[in-house]
Amino acid sequence: MGNEEQKARIERERKALNTLAVELGMRHPRVLSQSVKLDALINEYIDSQKDEEDEFVPRDK
């Protein structure tokens, strides 16, 4: 998944989380589930950024 695609998906899921929280309340199980989903996407994005950085770091031989 491309960088921009990941950002767009994170934004969609963040908006969905906000909507659920307003409609159902912060403690509703669906809100918690959506929050976990969003966290996983953010972690995946961060990991992909670290992987890209590692590709450009010169390694000692």
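Quick notes
- Per the Cα gyration tensor, the chain maps to an equivalent ellipsoid with semi-axes of 33, 11, 6 Å, ordered largest to smallest.
- Protein accessible area in the chain, 1.4 Å probe - carbon and sulfur %: 52 percent
- Length released on extending from LYS50 to VAL22, taking residue separation times 0.36 nm less the Cα-Cα span: 6.7 nm
- Take the chain with all the other protein chains still there, run a 1.4 Å probe, and you get 83 Å² of accessible area per residue.
- Within the straight-line cut-off of under 20 Å between alpha carbons, the aspartates and glutamates reachable from LYS37 are GLU4, GLU5, GLU11, GLU13, GLU23, ASP47, sequence neighbours fewer than 8 places apart in one chain being disregarded.
The values are calculated or read from the model by the stated rules, or taken from the named source; none is laboratory data. Here the structure is a predicted model, which is why all the values come from computation and not from measurement. Heads up: the accessible areas ignore ligands, DNA and RNA and are worked out on the full protein's heavy atoms, side chains in. Shrake-Rupley method; radii C 1.70, N 1.55, O 1.52, S 1.80 Å.
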